[in-house]
Amino acid sequence: MAKETPLLPVEDAREMALFFVVGALCFLAALATLSAKSTYGAARSWTAEVEGELTVSLPDADRRGAEEARQLIEATEGVREARLLSKQEIDALLEPNFGSRGLPESLPLPQLIAVTAEPDTQFMGPTLERRLTEAGYAHAVDEHADWAGDVRRMLAIARLVALTAVALLASTAVAVIAFATHAALLARRDIVDVLHLAGARDRYIAGLFERRFWLLGLRAGAVGALLALGAAAAMIFGVHSSGARSGLLPVLSLDIVDLLILVLTPVIAGLAARIAARVTVIRSLKSVM
Amino acid sequence: MTLPRHDLFDDVAVRLDGVSLRYDTSEDILSGIDLVLKPGSFSFLTGASGAGKTSLLKLLYLALKPTRGEVSLFGRPTSRLTRDQLSALRRRVGVVFQEFRLLDHLTAYENVALPLRVLGRKEASYRHDVEELLAWVGLGERMHSRPPTLSGGEQQRVAIARAVVTQPDILIADEPTGNVDPEMGARLMRLFLELNKRRATTVIIATHDLGLVRQVDAPVFRLQHGLLVQDVEYGPAARRRTDIVKTVD
Ligand SMILES: Nc1ncnc2c1ncn2[C@@H]1O[C@H](COP(=O)(O)OP(=O)(O)O)[C@@H](O)[C@H]1O
Ligand SMILES: [Mg+2]
């Protein structure tokens with residue numbers, strides 16, 4: 001005798017359809033997750049860029065007092081550099097408002113200190129505010145607050161949208177996989193019944209289907225995830241060859257998290273199909289005797 | 001030393017106590033049936049089409065739960081058993097289904113070997129027996145064909161071979177000769193009788209073919225209006241008795 005035929009028939013148009021559905025859903029879910037993640041990355045680098053710089057203005061201080069304040073600021077944790085702006089720089093900043101002749105000498109001008117944060121430091125405004133107050137300075141910390149606030153709000157919405165899309169797609173994928181598995185199984189009811197009446201235990205029968213659908217979900221999920229990887233790579237290539245300023249675009253570099261997504265997608269698809277198969281078989285067996 | 005085949009309660013192979021069955025909302029298909037089949041007995045179940053023969057057999061091979069009453073196999077009330085224990089009981093029961101229930105993607109040989117595979121037996125350990133059995137039912141040449149390419153009668157013989165391949169303690173056959181010519185019918189009956197005599201298999205055969213019933217001296221149960229009545233035997237001995245009665249008359 002040649003090798004034993006599997007108890008479950010191998011080729012089945014219905015299983016091909018299921019394979020396609022699982023593959024397509026995994027493609028979409030993996031792609032959505034990859035884009036959500038890159039949105040996250042872009043959001044982080046954007047806000048960092050915005051939040052990484054702030055300006056302290058000292059209305060009452062003279063040049064010497066301003067230098068002391070600068071040193072105080074520079075000694076603060078998270079500050080990479082604090083630079084006192086020169087008269088020329090302040091004039092240049094104010095030129096749009098007051099014209100190129102500069103300001104009258106008599107006008108009291110605030111001293112301005114440009115502060116650059118260490119990378120990864122976020123939102124050091126309040127800390128600086130506190131230190132300067134403790135040191136007795138009348139001051140204003142301008143955190144580029146308006147603009148940064150807008151960017152933060154926008155990015156928060158983008159993150160929420162991306163997360164919602166991922167959650168919806170992933171749960172839809174799991175639900176559709178479960179339904180499709182269920183349907184494919186009902187068509188195999190004859191096999192379930194024959195094995196059952198021949199004295200096969202529930203877990204033996206369920207095991208046959210679990211193995212089959214686990215492998216199907218795993219393979220289809222892998223195909224979908226690989227296609228998503230290809231699509232993501234194509235997008236990165238497109239962005240790079242267009243020469244766009246990458247700092248403001250979503251970061252599409254493949255790192256360990258992306259690879260994790262690509263590995264997890266087929267595993268989740270396989271598990272969804274497997275659990276659906278188990279639940280369907282056990283339930284349909286319980287409905288007989 | 002081998003343990004005795006039957007445990008303490010095995011003096012009854014099949015026992016039905018006040019068994020009723022209804023599907024969905026309809027009236028009772030079977031109502032209050034009592035039945036005892038002794039180990040090694042051979043009996044027929046008759047009744048018009050739709051009388052409930054298949055339904056009664058389904059209760060015996062544990063495919064259905066009775067609506068009321070208790071079905072016991074080998075002295076064990078099945079309503080009190082776990083699912084695994086029920087599976088273990090099913091392995092001692094061979095069934096020839098009225099509609100065969102062969103798996104189309106498996107060959108005749110693999111269909112017959114299916115119950116052995118379920119038991120976890122290795123192919124090498126049963127190949128010879130299965131091939132011999134297939135040859136005996138006249139399918140030696142066709143054992144590697146798939147059911148869709150077999151005739152109705154050939155499929156029926158595959159179904160019978162699958163039911164007896166594990167040498168079950170109980171053999172339940174639902175219209176097992178419905179699709180074969182009388183000659184093959186008689187041959188299959190001899191197989192059932194042989195199993196019954198040589199291995200003390202309890203056999204119950206549902207049929208409305210009285211020609212088949214007349215070949216054997218065996219009790220005949222008849223289903224009518226949901227009730228089970230035991231007819232006089234139809235077999236050769238019974239006919240001789242009626243002849244004697246007539247002569248005396
Ligand atoms: N699964 C079912 N659901 C509802 N009614 C059924 C079902 N199976 C059989 N019946 C009904 O039960 C009655 C007995 O059927 P069955 O046991 O197949 O009789 P037989 O085998 O003697 O021809 C018939 O009226 C049939 O229509
Ligand atoms: Mg019937």
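The values are calculated or read from the model by the stated rules, or taken from the named source; none is laboratory data. Because the structure is a prediction, the values reported are computed rather than measured. Methodologically, a virtual Cβ is constructed for each residue, glycine included, from the backbone with ideal geometry; neighbour enumeration extends over all protein chains shown. With ligands, DNA and RNA removed, areas are computed over all heavy atoms of the protein, side chains included. Shrake-Rupley method; radii C 1.70, N 1.55, O 1.52, S 1.80 Å.
Worth a mention:
- Selection within region B:91-106: residues that are more than 7 Å from chain A (Cβ to nearest Cβ) and in contact with a Ser or Thr (Cβ under 7 Å, 6 or more places away or on another chain). The member of this set that is modelled with the lowest pLDDT is B:Gln98.
- When restricted to residues that are farther than 16 Å from B:Val158 by Cβ, assigned to a helix (DSSP H, G or I) and touching a residue at least 12 places away in the same chain (Cβ under 8 Å), region B:168-184 contains 1.
- Filtered residues of region B:73-89 (kept if β-branched (Val, Ile, Thr) and more than 10 Å from chain A (Cβ to nearest Cβ)): B:Thr82
- Within region B:148-158, the presence of at least one residue that is more than 22 Å from the chain's Cα centre (by Cα), open to solvent by less than 30 Å² (accessible area, probe 1.4 Å) and either more than 10 Å from chain A (Cβ to nearest Cβ) or not small (Gly, Ala, Ser) (or both) is confirmed.
- Boolean, B:Ser145 is closer than 30 Å to A:Asp202 by Cα, within 14 Å of another protein chain (Cβ to nearest Cβ), part of a helix (DSSP H, G or I) and away from ligand 1 (no atom under 16 Å from the Cβ): no
One line per residue, one yes/no per condition, for (1) within 16 Å of ligand 2 (Cβ to nearest atom); (2) over 16 Å from the mean Cα position of the chain (by Cα); (3) within 14 Å of chain A (Cβ to nearest Cβ):
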| residue | (1), (2), (3) |
| --- | --- |
| B:Ala161 | no, no, yes |
| B:Asp174 | yes, no, yes |
| B:Gly185 | no, no, no |
| B:Met189 | no, no, no |
| B:Leu193 | no, no, no |
| B:Arg198 | no, yes, no |
| B:Ile205 | yes, no, no |
| B:Gly211 | no, yes, no |
| B:Arg214 | no, yes, no |
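- For B:Val229: the one exception among (1) on the phi < 0 side of the Ramachandran plot; (2) at pLDDT 90 or above; (3) open to solvent by less than 20 Å² (accessible area, probe 1.4 Å); (4) outside the structural domain of B:Leu116 (by TED's automatic domain parsing): (3)
- Criterion violated by B:Ala135 - all others in (1) in contact (Cβ under 8 Å) with a residue 12 or more places away in the chain; (2) open to solvent by 30 Å² or more (accessible area, probe 1.4 Å); (3) small (Gly, Ala, Ser) satisfied: (1)
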